[in-house]
1. Given Cβ point charges of +1 (Lys, Arg) and -1 (Asp, Glu) and nothing else, what value in debye, to the nearest 20, does the dipole of segment 142-195 about its Cα centre take?
2. Could you grab the relative contact order for segment 134-253? Cα pairs under 8 Å, six or more apart, rounded to a whole percent.
3. Count the lysine pairs in the chain whose Cα atoms sit under 16 Å apart, keeping only pairs 8 or more residues apart in sequence or on different chains.
4. Which of the following values of Rg/Rh (Cα atoms, Kirkwood Rh) was calculated from the structure shown: (1) 1.08; (2) 1.06; (3) 1.01?
5. From the phi of every residue in segment 234-241, what ³J(HN,Hα) in whole Hz does the Karplus formula 6.51 cos²θ - 1.76 cosθ + 1.60 yield, where θ is phi - 60° and glycine or proline is x?
6. So what is the relative contact order of segment 21-128, in percent, for Cα pairs below 8 Å that sit 6 or more residues apart?
7. How much net charge surrounds residue 61 when only other residues with a Cβ under 14 Å from its Cβ are counted (Lys, Arg +1; Asp, Glu -1)?
8. What net charge do the residues around residue 176 carry, taking every other residue with its C-beta under 15 Å from that of residue 176, with Lys and Arg at +1 and Asp and Glu at -1?
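The values are calculated or read from the model by the stated rules, or taken from the named source; none is laboratory data. Being a predicted model, the structure only gives us computed values, none of them experimental. We place every Cβ from the backbone using ideal geometry, glycine too, and count neighbours over all the protein chains shown. Accessible surface is based on the protein model in full, side chains and every heavy atom, while ligands, DNA and RNA are left aside. Shrake-Rupley method; radii C 1.70, N 1.55, O 1.52, S 1.80 Å.
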Amino acid sequence: MNAPVSFWEQRWADKADIVVIGAGLVGLQSAIKLKQKFSHRKVWIIESSTFGSPASLRNAGFACFGSLGEILDDAKNIGLDDALGLYALRYQGLQKLISTYGETTIGYENSGGYEIFKNSESEEFDRIAEHVDSINEKLFEVHGQMSFQIKKSSSFGMDIHTSAIFSPGEGAIQTHLLYETIRKHAVSLGIEIFSGLQVESFHPLESLKWNLKFANSDISVVAQELIICTNGFTRQILPELDVAPARGQVLVT
């Protein structure tokens, strides 16, 4: 049973200007941008778990912006120009992240990345590898180097195809350092982060505001603007959307 909500608690809860649901990397960065643009407004972040779960602290720390196979796969769905544009945006986003916080602070390493193939996927490797030169030419202006190289993978000690496609511009990030750094940045700007509040529903008010109700608290929050940054789990509060989380598995060696 939840404790009764006091008059002062509700008065305080009615003071938010902008509420961001989700304290993951996307929610934190969204709140930061909003606070930088509207410094006079109160920006709150509401998170159901202790930290921004599940993806923000449950990923492999890949500082990636697209393998050659991924680009070609995207091109089937959105066209080659848009697929290359998406690659460029990812790369530029990573560079902005590094320039904002510094490599050491977020644990960034420019280690490069490999796209590997099973022994049974030699034809798939050949199909993708034949595009190396043409895609490199199209992407050269993005970062001034060859985006992809074919390298031997026999030294990896894995039962895989003897050749792999190397991406020299990619790297790795220490995810916990990245999250900690961005969260501290948000707090330093005056953004308030409230954990342990599960948004159950929200509805508009006549005064062009939003009223948020919680599954585990009788308090309600009123905000002028509402931003939802729950990614794969957005359907929990917007069931009409065709969005579902995708499970990933990472092997750390």
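1. Dipole magnitude for segment 142-195 comes out near 140 debye.
2. Numbers: 110 pairs, mean separation 12.7, N = 120.
Relative contact order comes out at 11 percent.
3. 11
4. From the options (1) 1.08; (2) 1.06; (3) 1.01, the structure gives (2).
5. 4, 5, 5, 10, 10, x, 6, 7
6. 21 percent
7. -3
8. Working: positive: 58, 183, 184; negative: 109, 180.
Net charge around residue 176: +1.
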